[in-house]
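The next block holds one structure in the form of structure tokens; read it before the comments.
The values are calculated or read from the model by the stated rules, or taken from the named source; none is laboratory data. Source: prediction; values computed, not measured. All Cβ positions, even for glycine, are placed from backbone atoms using ideal geometry, and neighbour counts span all protein chains on display. Accessible surface areas use protein heavy atoms only, side chains included; no ligands, DNA or RNA. Shrake-Rupley method; radii C 1.70, N 1.55, O 1.52, S 1.80 Å.
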Amino acid sequence: MGVVDGTVGRTLTMVDVGVFRTPAELDTARRLHQLEQQIEASVVAHRPDVVAVERVFSQHNVSTVMGTAQASGIAMLVAARHGIPVHLHTPSEVKAAVTGSGRADKAQVTAMVTRLLRLTEAPRPADAADALALAICHIWRGGAQNRLQEAIAKAEQATRKAAVR
């Protein structure tokens, strides 16, 4: 979980970062419930304007994808419960936004997150840096995507009105 404050063209500030953990010995349902409680507490504490979630994709490791997809679903559910918009970004989109290359490795992403947020040390573990990178990606790209979608919807609405007249 990474919470970043900022807008395009302005300094970014890390508000909070962390990794939610659940005991491995619990069954999946109980682990998801604990995860939901942790995400809920974070949303209540930080009151984000938007929740960005990594779009799950994998060609190989189905069991890892299932767990990640379940966790992503919990994050989206909590956001929806609070009326917070959810936006999905692919891993390569996040890497490209933060480093300039969609093929950047974890070390490059971590280094750029550390630099962009002016941190004195790199966020640990690597998943924490990934969460901050996702937040940065959304701040930088999400707003532009939203404006583009709004412009397209407005143009389509104007076209429908013109066709009805």
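Values for this structure:
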read-out	value
Share of carbon and sulfur in the accessible heavy-atom surface of segment 19-64 [1.4 Å probe, %]	50
19 Å cut-off, amide nitrogen to a point 7 angstrom out along residue 64 Cα→Cβ, residues in segment 4-20	19-20
The chain - mean residue ellipticity at 222 nm from DSSP helices (-39,500 (n - 2.57) per run, n ≥ 4, rounded to 500)	-18500 deg cm²/dmol
Pairwise centroid distance, computed over Cα atoms, of segment 99-145 with segment 29-52, Å	21
Beta bridges by DSSP in the chain, antiparallel share as percent, to the nearest 5	50
Relative contact order [Cα under 8 Å, 6+ residues apart], segment 42-96, whole percent	51
Charge-dipole axis of the chain as Lys and Arg at +1 and Asp and Glu at -1 on Cβ define it, positive-most pick from 94, 23, 71	94
Accessible area expressed per residue, the chain, with surrounding protein chains retained (probe 1.4 Å, Å²)	64
Read-out mean projected area of the Cα convex hull in nm², derived from the coordinates shown; its label in (i) 9.4; (ii) 12.4; (iii) 13.3	(ii)
Potential extension, residue 55-residue 21 segment - 0.36 nm per residue separation minus Cα distance	10.2 nm
Mean separation of Cα contacts under 8 Å, 6 or more apart, over the residue count of the chain: relative contact order %	26
Relative contact order %, segment 6-82, counting alpha carbon pairs below 8 Å whose residues are six or more apart	30
In segment 74-121, the trypsin sites (Lys or Arg not before Pro) that fall in loop regions by DSSP, at most 16 other Cβ within 10 Å	103, 118
Additional length obtainable on full extension of the chain from residue 7 to residue 45, 0.36 nm per residue less Cα span	11.6 nm
